[in-house]
Amino acid sequence: MCQCLSNTRDMCKGRQMPIMYHSREGNLFSISGNLTTQYPQAVGWAMASAMKGEDNLAASWIGDGSTAEPDFHHALTFASVYQAPVILNVVNNQWAISTFQAFAGGTREPFAARGLGYGIPGIRVDGNDFLAVYAVTQWAAERARTGAGPTLIEHVTYRASAHSTSDDPSRYRPKEEFEAWPLGDPIKRLKQHLIQLGEWSDKQHEDLEKELDKHAADSWKEACTYGTMSEGPSLDPSNMFEDVFKEMPEHLKKQREQMLAEGDK
Amino acid sequence: MAQMNMIQALNSAMDIALSNDPYVVLMGEDIGYFGGVFRCTEGLQRKHGEHRVLDTPIAEGGIVATAIGMGVNGMRPVAEIQFADYIYPAFDQIVSELARLRHRSAGDFYAPITIRTPCGGGIRGGQTHSQSPEGIFTHVSGIKVVMPSNPYDAKGMLLSAIEDDDPVVFFEPKRIYNGPFDGDPDKPARPWSTHPKGEVPEGHYTVPIGKAEIVRQGNDATIITYGTMVHVAEAAAASSGIDAEIIDVRSMAPLDVDTLRTSVQKTGRCVIVHEATRFGGYGAELSATVQEECFWHLEAPIQRVTGWDTPYPHAFEWEYFPGQKRIINALRAVLEA
């Protein structure tokens with residue numbers, strides 16, 4: 001949440017748009033915002049893991065639309081050639097902003113089928129079935145860890161809400177499409193499954209929802225005390241000159257001095 | 001000390017890097033079993049193994065992307081792009097990913113990659129084997145851009161680049177791989193053994209990135225140049241008798257402004273020479289810098305001698321290539337102004 005606010009506790013120090021966060025400790029790589037560029041990077045990361053004799057694996061996710069990028073082809077080619085321990089996921093949520101997955105060729109052949117051309121197992125899974133996603137990911141991870149190579153997983157799902165806060169999906173798709181979408185809400189489906197097994201109840205679910213809502217609201221409130229874009233403590237703008245290089249070169253030192261001397265606006 | 005041409009010097013640098021650091025890997029098209037189209041990696045796969053010297057698919061974007069992933073996971077990849085003319089499919093990975101990774105993650109992730117790529121003309125390479133795209137990369141914040149002009153610098157700067165924790169795009173002027181070139185294609189080729197910078201230590205040493213070198217002391221005018229054109233400029237000064245001070249920039253980004261300033265303040269006249277096209281090129285940055293730093297010392301408008309603003313023409317290479325005559329004309333222009 002601090003990252004979304006670009007505040008004094010933002011791990012990106014105000015250099016990235018909301019949700020482009022990362023966690024070194026959590027092994028979550030920096031998100032770039034360019035589409036599919038990180039797919040072949042994950043392959044390289046996985047190759048290095050194999051080179052070092054470690055059993056770590058890399059996983060990357062892209063959308064249906066961005067399978068059309070050349071990086072998709074690079075990732076699958078390099079993953080196949082070097083048998084990299086990587087899980088390549090395509091989250092096929094049907095919509096790339098306003099264009100249906102057909103514009104990436106998804107209605108001709110499933111995205112999972114792209115794997116076959118590269119000699120990579122391609123699996124299509126009901127992306128709204130928590131247990132199916134879990135099982136297939138486990139299987140792919142086991143393959144990666146045991147040196148059996150990469151796996152391509154297509155998660156068939158649906159983008160129920162807008163692409164972003166500035167997007168209005170009613171301009172390009174029927175308003176009621178979401179209700180007609182047959183795969184259902186993945187949380188509701190998992191909940192029903194657990195209730196049927198006798199492992200969960202409506203009451204427990206409601207309590208958990210309340211707890212999580214409160215956790216989110218409290219976290220937001222706390223995050224705001226570390227600054228929002230308009231109020232409270234703020235980052236020192238001159239930090240923009242840091243981390244361009246490991247050590248700041250002369251021309252950046254000079255520009256930083258100039259910025260500080262001239263003040264803002 | 002040993003006699004080395006630029007290819008042998010680069011090979012020696014990579015050999016040492018592979019021997020000293022188990023995390024260094026080489027990767028690129030034809031660089032492994034075959035040893036590279038210019039032989040820069042010859043014998044290195046045989047010596048260091050297929051897992052250290054990787055032949056890659058023909059996909060420059062994929063090479064740089066996987067190198068980034070490896071770099072983030074603790075490796076120190078040296079990627080070869082076979083010709084600078086082929087670097088554009090990797091442009092997005094270099095500009096949007098490699099150059100910004102450290103900044104966008106506030107220092108939590110970085111990829112210490114060196115991208116080696118042969119550049120420049122004079123080899124009858126036509127428009128797809130002759131380009132000088134350094135100015136496209138110097139415009140990008142977050143990468144270092146260098147171009148050595150001799151075997152000694154090539155080895156020392158490549159070791160600096162590989163050991164650097166920031167990404168470095170390392171341009172190799174291929175016309176002078178085998179010997180210095182004075183701009184006259186009709187003269188017999190001259191080997192590096194006839195040049196003092198063909199003397200190269202066999203062991204490890206570095207030449208720092210960010211430092212220019214004065215290759216000829218002079219008082220009448222300053223020539224700022226790099227790569228192949230260093231040698232053409234030296235020949236132009238010699239044949240014209242003009243007492244020019246010649247600066248080999250070596251490191252385009254970061255730029256050694258101090259050396260430029262001191263020289264131009266001394267001579268008061270400045271000619272900028274590069275093979276690349278002129279408009280919006282790196283020479284414009286040099287010119288602007290000299291103007292900002294030395295305006296009150298300048299006795300004449302700064303001259304630029306560059307490739308023409310056309311695609312590199314195969315059959316008219318020597319009309320395009322900025323040779324001695326054009327450099328001498330520019331020197332006369334600044335001296336007579």
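Calculate I(q)/I(0) for region A:1-154 by the Debye formula, one identical point scatterer on each C-alpha and no solvent, and give its log10 at q = 0.16 Å⁻¹ to two decimals.
-0.92
What percentages, rounded to whole numbers, describe P(r) for region A:1-45 computed over all alpha carbon pairs with 5 Å bin width beginning at zero?
Pair shares across the bins are 6, 22, 25, 25, 13, 8, 2.
Pairs of alpha-carbon atoms within less than 8 angstrom and 6+ residues apart define the contacts here; what relative contact order does chain A have, in percent?
Details: 381 pairs, mean separation 47.6, N = 265.
Computed value for chain A: 18 percent relative contact order.
Would you work out the charge dipole size for the protein assembly as shown about its Cα centre, treating the Cβ of every Lys and Arg as +1 and the Cβ of every Asp and Glu as -1, and quote it to the nearest 20 debye? Walk me through the numbers before you get to the answer.
Working: 54 positive and 78 negative charges, 137 e Å.
Computed charge dipole of the protein assembly as shown: roughly 660 debye.
Taking a ≥ b ≥ c as the square roots of the eigenvalues of the Cα gyration tensor of region B:1-138, is the shape rounded (a/c under 1.5), prolate (a/b larger than b/c) or oblate? Could you put the intermediate results ahead of the total?
Numbers: a/c = 1.73, a/b = 1.11, b/c = 1.56.
Note, shape of region B:1-138 comes out oblate.
Compute the separation of the alpha-carbon centres of region A:38-72 and region B:300-336 and state it in Å as a whole number.
Using only Cα atoms to place each centre, the spacing works out to 46 Å.
Counting pairs of alpha carbon atoms under 8 Å apart in space and at least six apart in sequence, what relative contact order in percent does region B:2-200 give? If you can, show how the numbers build up before the last one.
On the way: 406 pairs, mean separation 49.9, N = 199.
So the answer I get is 25 percent.
With +1 on each Lys and Arg Cβ and -1 on each Asp and Glu Cβ, and nothing else charged, work out how big the dipole of region B:1-78 is about its Cα centre, in Debye to the nearest 20.
Values: 5 positive and 8 negative charges, 41 e Å.
Dipole size: approximately 200 debye.
Specify the angular offset, from 0 to 90 degrees and rounded to the nearest 10, of the alpha carbon long axis of helix B:60-72 from the longest principal axis of the alpha carbons in chain B.
It works out to around 70 degrees.
Can you pull the one-decimal nm distance between simple spin-label points at A:T107 and B:F279, each 7 Å off the Cα toward Cβ?
4.4
Tell me whether chain A comes out rounded, prolate or oblate; compute the Cα gyration tensor, take square roots of the eigenvalues as a ≥ b ≥ c, and use a/c under 1.5 as the rounded threshold.
Numbers: a/c = 1.72, a/b = 1.25, b/c = 1.37.
Oblate, because a/c is 1.5 or more while a/b does not exceed b/c.
Considering only DSSP beta bridges whose two residues both sit in region B:213-336, what percent are antiparallel, to the nearest 5?
Working: 3 of 15 bridges.
About 20 percent, rounded to the nearest 5.
Can you tell me the relative contact order of region A:115-233? Whole percent, Cα pairs under 8 Å, sequence separation 6 or more.
Values: 85 pairs, mean separation 24.9, N = 119.
Relative contact order for region A:115-233 comes out at 21 percent.
What share of the DSSP beta bridges in region B:2-200 is antiparallel, in percent to the nearest 5?
Beta bridges within region B:2-200, antiparallel portion: roughly 10 percent.
Compute the FRET efficiency between B:K211 and A:Y226 as 1/(1 + (r/R0)^6), taking r as their Cβ-Cβ distance and R0 = 56 Å, and round to the nearest 0.05. Walk me through the numbers on the way to the answer.
Values: r = 42 Å, r/R0 = 0.76.
Here the calculated transfer efficiency is 0.85.
Determine the calculated [θ] at 222 nm for the protein assembly as shown from helices alone, applying -39500 (n - 2.57) to every DSSP H run no shorter than 4 residues and normalising by the residue count; nearest 500 deg cm²/dmol. Kindly include the intermediate steps, with their values, before the conclusion.
Values: 19 runs with 207 residues, N = 602.
The helix contribution divided over the protein assembly as shown gives -10500 deg cm²/dmol.
Does region B:96-216 come out rounded, prolate or oblate by the C-alpha gyration tensor, with a ≥ b ≥ c the root eigenvalues, rounded set by a/c under 1.5 and, if not, prolate when a/b is larger than b/c and oblate if not?
Numbers: a/c = 2.81, a/b = 1.57, b/c = 1.79.
Note, shape of region B:96-216 comes out oblate.
Any chance you could check the Cα centroid distance between region A:164-236 and region B:180-212 for me, in angstrom?
64
What does the charge count near A:P85 come to, summing +1 for each Lys or Arg and -1 for each Asp or Glu among other residues with Cβ under 13 Å from its Cβ? Each step should come with its number before you reach the end.
Working: positive: A:K52, A:R143, A:R145; negative: A:E54, A:D55, A:E142.
Neighbour charge sum, excluding A:P85 itself: 0.
Once Lys and Arg get +1 and Asp and Glu get -1 on their Cβ, which of B:M229, B:I87, B:T262 lies farthest toward the positive end of the dipole of chain B?
B:M229
Strictly greater than 47 Å: what percent of every Cα pair in the protein assembly as shown meets that? Provide the component values of the computation, followed by the final result.
On the way: 44320 of 180901 pairs.
So the pairs more than 47 Å apart make up 24 percent of the total in the protein assembly as shown.
Please work out the Cα center distance from region A:80-137 to region B:17-66, rounded to the nearest Å.
Taking the Cα centre of each part, region A:80-137 and region B:17-66 sit 31 Å apart.
Return the FRET efficiency for the residue pair B:F109, A:S238: r is the Cβ-Cβ distance, R0 is 30 Å, and the value is rounded to the nearest 0.05. Intermediate values should be presented prior to the final figure.
Values: r = 22 Å, r/R0 = 0.73.
The computed FRET efficiency comes out at 0.85.
More than 25 Å apart: what percent of Cα pairs in region B:182-337 qualify?
Details: 3517 of 12090 pairs.
For region B:182-337, the fraction of Cα-Cα distances above 25 Å is 29 percent.
For region B:196-283, state which chymotrypsin sites (Phe, Trp or Tyr not before Pro) are in a DSSP loop and have at most 16 other beta carbons lying within 10 Å of their beta carbon. Don't skip to the end; give the middle numbers.
Numbers: sites: B:Y205, B:Y226, B:F279, B:Y282; in loops: B:Y205, B:Y226, B:F279.
Filter output for region B:196-283: B:Y205, B:F279.
Report, to two decimal places, the Cα Rg of chain B normalised by 2.2 N^0.38 Å (N = number of residues). Before the final figure, lay out the partial values.
Numbers: Rg = 19.3 Å, N = 337, 2.2 N^0.38 = 20.1 Å.
Dividing the Cα radius of gyration by 2.2 N^0.38 Å gives 0.96.
Of the peptides A:169-177, B:244-252, B:188-196, how do they stack up when ordered by the mean number of other Cβ atoms within 10 Å, highest first? Mind dumping the intermediate values first?
Working: A:169-177: 11.1, B:244-252: 25.4, B:188-196: 13.0.
Sorting A:169-177, B:244-252, B:188-196 by mean packing, highest first, produces B:244-252, B:188-196, A:169-177.
If you look for lysine pairs in chain A that are eight or more places apart or on different chains, how many of them have Cα atoms under 26 Å apart?
Lysine pairs satisfying the spacing and distance rule in chain A number 18.
On a 0 to 90° scale, report how tilted helix A:202-225 is relative to the longest principal axis of chain A, with both axes built from alpha carbons and the result rounded to the nearest 10.
Taking the Cα atoms of chain A, the angle to A:202-225 is about 20 degrees.
Measure nothing but the geometry: give the 0 to 90° angle between the long axis through the Cα atoms of A:250-262 and the longest principal axis through the Cα atoms of chain A, rounded to 10°.
That helix lies at roughly 70 degrees to the long axis.
How many lysine pairs does region B:2-200 hold where the Cα atoms are under 23 Å apart and the two sit 8 or more places apart or on different chains? Mind dumping the intermediate values first?
Working: B:K47/B:K155; B:K144/B:K155; B:K144/B:K174; B:K155/B:K174; B:K155/B:K197; B:K174/B:K187; B:K174/B:K197; B:K187/B:K197.
Lysine pair count for region B:2-200: 8.
Each value in this text was obtained by applying a stated rule to the coordinates, not by laboratory testing. Keep in mind that what you see is a predicted model, and the values were worked out from it rather than measured. Note: ideal-geometry Cβ built from the backbone for every residue, glycine included; neighbour counts use all protein chains shown.
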